[in-house]
Amino acid sequence: MTSSDLIRRTAAELADLLTAGEVSSRELTEAHLERVSAVDERIHAYLHVDAEGALAAAADVDRRRAAGESLPAAAGVPIAVKDVLTTKGLPTTCGSRILEGWIPPYDATVVRRLKEAGLPILGKTNMDEFAMGSSTEHSAYGPTRNPWDLERIPGGSGGGSAAAVGSFQAPWAIGTDTGGSIRQPAAVTGTVGTKPTYGGVSRYGLVALASSLDQAGPCTRTVLDAALLHEIIGGHDPMDSTSIADPLPPVVEAARRADVSGMRIGIVRELTGEGFQAGVQQRFDEAVAHLVDAGAEVVEVSCPSFTYALATYYLILPSEASSNLAKFDAMRYGMRVWPEGAPDASAEQVMAATRDAGFGDEVKRRIILGTYALSSGYYDAYYGSAQKVRRLIANEFAAAFTRADVLISPTAPTTAFRFGDKLDDPMAMYLNDIATIPANLAGLPGISVPSGLAPEDGLPTGFQVLAPAMADDRLYAVGAALEARLLAEWAAPLLDGAPDVTSLPMPAAATKEDAR
């Protein structure tokens with residue numbers, strides 16, 4: 001089996017090949033590292049590649065398997081990790097200059113569970129700085145490019161993970177989702193992305209953006225792969241005070257069953273129609289028809305407070321970000337900049353110079369917004385009011401789930417836009433998350449599944465499914481049922497229709513200036 005064949009197999013298929021002894025973990029890992037060497041100069045999905053560590057982990061799995069040791073099902077299948085999760089002995093930068101060169105002394109719980117499952121870590125993927133963005137243009141190390149069109153964004157903040165999976169540089173990856181940062185990149189790269197129930201996957205070791213919103217989850221090429229990865233990283237963690245103690249829902253069983261017969265599926269009126277690209281809406285409507293053919297019942301639900309979700313999110317998130325990012329003070333870790341011409345500078349002056357040099361424009365913008373919203377005299381008017389609307393949104397979700405088992409919408413309002421199109425218009429950028437943000441505000445799980453190519457531009461679209469808290473298995477049932485119908489219609493995975501990245505012209509060099 002050639003390297004080209006191996007990198008296009010799903011994670012589940014690779015796990016079966018490993019178990020059957022038809023391929024070694026070292027062969028799989030080498031194949032993906034070769035792919036990274038061949039195409040990542042064009043894509044820039046990775047910030048750090050750990051070839052030595054990945055190969056050592058693969059060799060260990062092969063040794064244990066040869067010795068007859070009982071191993072986890074996916075042991076030996078390599079993976080990429082978003083650079084917002086701490087990795088012992090490997091850099092963790094969060095896409096920011098302020099953490100350039102920082103080597104964490106511990107693993108995030110998600111990373112530890114990947115290692116315990118025997119998954120070699122290929123490297124750390126690019127992202128918008130501190131997960132603030134929807135395009136990965138805000139990375140201090142230059143933008144990641146969409147494998148479908150190198151002049152377009154791969155989504156954000158987790159564009160690196162989605163692009164790595166979409167360009168076959170990793171069979172699966174870990175992302176994080178604060179307002180859509182797994183699901184929106186999945187939609188625009190033609191991949192699958194899941195945001196688990198808040199608290200269903202540990203946040204220990206996840207560098208916090210907004211602690212009440214952040215959630216790690218899978219980035220994959222199939223719904224089953226997402227469920228398998230969800231099962232590996234999910235479950236209670238005593239190191240995370242917000243971790244849910246209940247057992248993980250049967251996500252893998254639901255993905256394999258792929259049954260929606262008799263399921264009530266609610267179309268959210270406020271998350272379709274006006275403001276959505278015509279081709280995105282068309283593919284969504286076609287996907288709904290497929291689910292009806294599969295036996296689902298479709299109802300329309302209305303959640304009026306969802307129209308305030310974007311404004312609510314952009315008060316709560318900056319407020320929490322301004323608090324969480326206060327620890328980057330040049331005193332304990334990360335970069336330190338001495339003020340020019342001030343040999344006797346105070347700690348406050350060093351802190352100000354460091355944060356000015358280390359943070360990008362979007363991070364500064366959100367810190368300023370959050371600090372203002374939390375300031376004396378404005379707290380109740382802004383942050384306090386946003387939390388009240390957040391409760392209204394959660395209540396409307398609860399009411400909607402009395403009428404429907406799951407809710408659906410397009411994942412993103414448009415296909416991938418060109419670099420620079422929205423970089424100077426923060427509000428236009430923020431609108432990319434209009435359909436994904438409500439789930440984060442309510443702590444609910446969601447998944448994005450490819451729904452075809454928009455006829456206007458031939459670029460991927462995404463279909464979003466939302467479920468009640470700890471009903472993550474419903475996401476996989478609906479996602480897998482839709483995926484099966486579309487695979488039968490397309491006669492191949494959506495990614496088989498993507499252009500070969502190696503045949504695309506080399507883009508202009510990705511620089512810090514490109515991202516800013």
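The values are calculated or read from the model by the stated rules, or taken from the named source; none is laboratory data. Note that the coordinates shown come from a computational prediction; the quantities given were computed from them, not determined experimentally. Counting neighbours? That spans all protein chains shown, and the Cβs are built from the backbone with ideal geometry, glycine included.
Among the residues of region 326-357, write down those that are within 19 Å of His138 (Cα to Cα) and either out of contact with any Leu (no Cβ under 8 Å at 6 or more places or on another chain) or free of Cβ contacts under 8 Å to residues at least 12 places away in the same chain (or both).
Residues satisfying the conditions are Thr354, Arg355, Asp356, Ala357.
With within 18 Å of Ile79 (Cβ to Cβ), touching a helix residue (DSSP H, G or I) at 6+ places or on another chain (Cβ under 9 Å) and among the acidic types (Asp, Glu) as the only criterion, which of Asp214, Asp177, Asp240 stands out? Lay out the reasoning, then the answer.
Working: Asp214 fails: within 18 Å of Ile79 (Cβ to Cβ); Asp240 fails: within 18 Å of Ile79 (Cβ to Cβ).
Selected residue: Asp177, the only one of Asp214, Asp177, Asp240 that is within 18 Å of Ile79 (Cβ to Cβ), touching a helix residue (DSSP H, G or I) at 6+ places or on another chain (Cβ under 9 Å) and among the acidic types (Asp, Glu).
Helices (runs of 4 or more DSSP H) wholly in region 333-410 with at least 1 residues that are touching a His at 6+ places or on another chain (Cβ under 7 Å) and surrounded by 16 or more Cβ atoms within 10 Å (Cβ to Cβ) - which ones? Walk me through it before giving the result.
Values: elements: 347-358, 361-374, 385-400.
The qualifying helices (runs of 4 or more DSSP H) are 361-374.
With the requirement that a residue be small (Gly, Ala, Ser) and surrounded by fewer than 22 Cβ atoms within 10 Å (Cβ to Cβ), what does region 411-429 give you?
At the first step, the residues of region 411-429 found to be small (Gly, Ala, Ser) are 412, 416, 420, 428.
Matches in region 411-429: Gly420, Ala428.
Do we have Ser385 as more than 27 Å from the chain's Cα centre (by Cα) and either at pLDDT below 95 or aliphatic (A, V, I, L, M) (or both) here?
Numbers: more than 27 Å from the chain's Cα centre (by Cα): yes; either at pLDDT below 95 or aliphatic (A, V, I, L, M) (or both): no.
The answer is no for Ser385.
Name the single residue that is surrounded by the fewest Cβ atoms within 10 Å (Cβ to Cβ) among those in region 249-276 being in a loop (DSSP other than H, G, I, E, B) and either free of Cβ contacts under 8 Å to residues at least 60 places away in the same chain or basic (Lys, Arg) (or both). Show your work before the answer.
Step one: filter region 249-276 for residues in a loop (DSSP other than H, G, I, E, B), giving 249-250, 258-263, 272-276.
Cutting the leftovers down to either free of Cβ contacts under 8 Å to residues at least 60 places away in the same chain or basic (Lys, Arg) (or both) gives us 261-262, 273-274.
Working: Ser261: 9, Gly262: 9, Gly273: 10, Glu274: 7.
It comes out as Glu274.
For region 46-88, what are the residues that are of a type in the set (Asp, Glu) and either over 24 Å from the mean Cα position of the chain (by Cα) or surrounded by fewer than 24 Cβ atoms within 10 Å (Cβ to Cβ) (or both)?
Initially, region 46-88 is screened for residues of a type in the set (Asp, Glu), giving 50, 52, 60, 62, 69, 83.
Across region 46-88, the qualifying residues are Asp50, Glu52, Asp60, Asp62, Glu69.
Of the conditions (1) in a helix (DSSP H, G or I); (2) at pLDDT 95 or above, Leu431 fails just one. Which one is it?
The one condition Leu431 does not meet is (2).
For region 469-488, indicate whether the set of residues that are part of a loop (DSSP other than H, G, I, E, B), under 28 Å from Ile233 (Cα atoms), touching a residue at least 60 places away in the same chain (Cβ under 8 Å) and touching a Leu at 6+ places or on another chain (Cβ under 7 Å) is non-empty.
So far as region 469-488 goes, yes, one or more of its residues are part of a loop (DSSP other than H, G, I, E, B), under 28 Å from Ile233 (Cα atoms), touching a residue at least 60 places away in the same chain (Cβ under 8 Å) and touching a Leu at 6+ places or on another chain (Cβ under 7 Å).
Quick check on this structure: which one of Arg145, Arg113 is buried (at least 24 other Cβ atoms within 10 Å of the Cβ) and modelled with pLDDT of 95 or more?
Working: Arg113 fails: buried (at least 24 other Cβ atoms within 10 Å of the Cβ).
Just one listed residue meets the conditions, Arg145.
Could you look through region 4-45, keep only residues that are touching a strand residue (DSSP E or B) at 6+ places or on another chain (Cβ under 8 Å) and either within 17 Å of Ala58 (Cβ to Cβ) or among the charged types (D, E, K, R) (or both), and pick out the one that is surrounded by the most Cβ atoms within 10 Å (Cβ to Cβ)?
His32
This table checks each residue for (1) at pLDDT 95 or above; (2) on the phi > 0 side of the Ramachandran plot; (3) not charged (D, E, K, R).
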residue: Thr242; (1), (2), (3): yes, no, yes
residue: Leu248; (1), (2), (3): yes, no, yes
residue: Arg256; (1), (2), (3): yes, no, no
residue: Gly262; (1), (2), (3): yes, yes, yes
residue: Gly266; (1), (2), (3): yes, no, yes
residue: Arg283; (1), (2), (3): yes, no, no
residue: Val288; (1), (2), (3): yes, no, yes
residue: Gly295; (1), (2), (3): yes, yes, yes
residue: Val299; (1), (2), (3): yes, no, yes
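Here are Ala170, Ala186, Ala140: which of them is at pLDDT 95 or above, of a type in the set (A, V, I, L, M) and under 13 Å from the mean Cα position of the chain (by Cα)? Spell out how you get there, then give the answer.
Working: Ala170 fails: under 13 Å from the mean Cα position of the chain (by Cα); Ala140 fails: under 13 Å from the mean Cα position of the chain (by Cα).
Matching residue, one of Ala170, Ala186, Ala140: Ala186.
Is at least one residue of region 311-327 in a helix (DSSP H, G or I), over 30 Å from Arg257 (Cα atoms), of a type in the set (D, E, K, R) and at pLDDT below 95? Working first, answer last.
Taking region 311-327 first, the residues in a helix (DSSP H, G or I) are 311-327.
Within this subset, residues satisfying the condition of being over 30 Å from Arg257 (Cα atoms) are 311-327.
Subsequent filtering for residues that are of a type in the set (D, E, K, R) retains 320, 327.
Right, trim to at pLDDT below 95 and you get 327.
Yes, because at least one residue in region 311-327 is in a helix (DSSP H, G or I), over 30 Å from Arg257 (Cα atoms), of a type in the set (D, E, K, R) and at pLDDT below 95.
Take Gln169 and decide whether it is crowded, with 24+ Cβ neighbours inside 10 Å, polar (S, T, N, Q) and assigned to a helix (DSSP H, G or I).
On the way: crowded, with 24+ Cβ neighbours inside 10 Å: yes; polar (S, T, N, Q): yes; assigned to a helix (DSSP H, G or I): no.
So Gln169 does not fit the description; no.
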